[in-house]
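This report refers to the structure that appears directly beneath it.
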Amino acid sequence: MRDGFPVAEGHTLVIPRRHVGSVFELGPDELADFFALVARVRAQLAADFAPDGFTIGINDGEAAGQTVGHAHLHIIPRRHGDVPDPRGGVRWVLPEHADYWSAP
C-alpha cells in the first residue's frame with residue numbers, strides 16, 4: 001500500500017498479512033514470501049515511476065523509529081538530486097556516523 005505520509009512519489013509499504021510487530025517474527029516461508037513481494041513491488045515501482053534508485057528499509061522497534069506496531073517495509077523511489085548528497089543512504093539515521101568517506 002502507498003505510505004500515508006510519503007517522502008517521495010510512489011513511497012510504498014509492504015506489510016505482511018499476519019499481524020506481527022517485527023518481520024523477524026515471521027516464519028521462514030512467510031519471510032521468503034514477504035521478500036518475494038518486496039521484489040515484485042520494487043519492479044512495479046520501477047516500471048511505474050522510472051526512478052534512478054530506491055531506498056528500502058525497515059524500522060524494527062521503537063528505538064529504530066518504528067511508530068506503527070505492525071511490521072512493514074518501506075520502498076522509496078529515489079531520484080538524482082532529491083537530496084544534495086545521497087551517499088551513505090540509511091546511515092544518515094545516525095548523522096554523526098554517516099559521513100565515513102570524509103573521516104581522517
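Tallying residues that are farther than 16 Å from residue 5 by Cβ and either in a strand (DSSP E or B) or touching a residue at least 24 places away in the same chain (Cβ under 8 Å) (or both) within region 65-82 yields 6. A count restricted to region 84-104 and to residues that are part of a loop (DSSP other than H, G, I, E, B) and either charged (D, E, K, R) or at pLDDT 95 or above (or both) stands at 3. The requirement of being in a helix (DSSP H, G or I) and over 18 Å from residue 65 (Cα atoms) is not satisfied by residue 18. So residue 33 fits all but one of (1) outside any loop (DSSP other than H, G, I, E, B); (2) within 15 Å of the chain's Cα centre (by Cα); (3) acidic (Asp, Glu); what number is the exception? Residue 33 satisfies every listed condition except (2).
Screening residue 42 with (1) part of a helix (DSSP H, G or I); (2) without any contact (Cβ under 8 Å) to a residue 24 or more places away in the chain; (3) in contact with a Phe, Trp or Tyr (Cβ under 7 Å, 6 or more places away or on another chain) gives one miss only, at (2). Taking the criterion of being farther than 19 Å from residue 83 by Cβ and aliphatic (A, V, I, L, M), the residues of region 46-62 that qualify are 46, 47, 58.
Here is the figure for region 50-64: residues that are closer than 21 Å to residue 15 by Cα, outside any strand (DSSP E or B) and not acidic (Asp, Glu) total 5.
The values are calculated or read from the model by the stated rules, or taken from the named source; none is laboratory data. If you're wondering where the values come from, they're calculated on a predicted model, not measured in any experiment. Methodologically, a virtual Cβ is constructed for each residue, glycine included, from the backbone with ideal geometry; neighbour enumeration extends over all protein chains shown.
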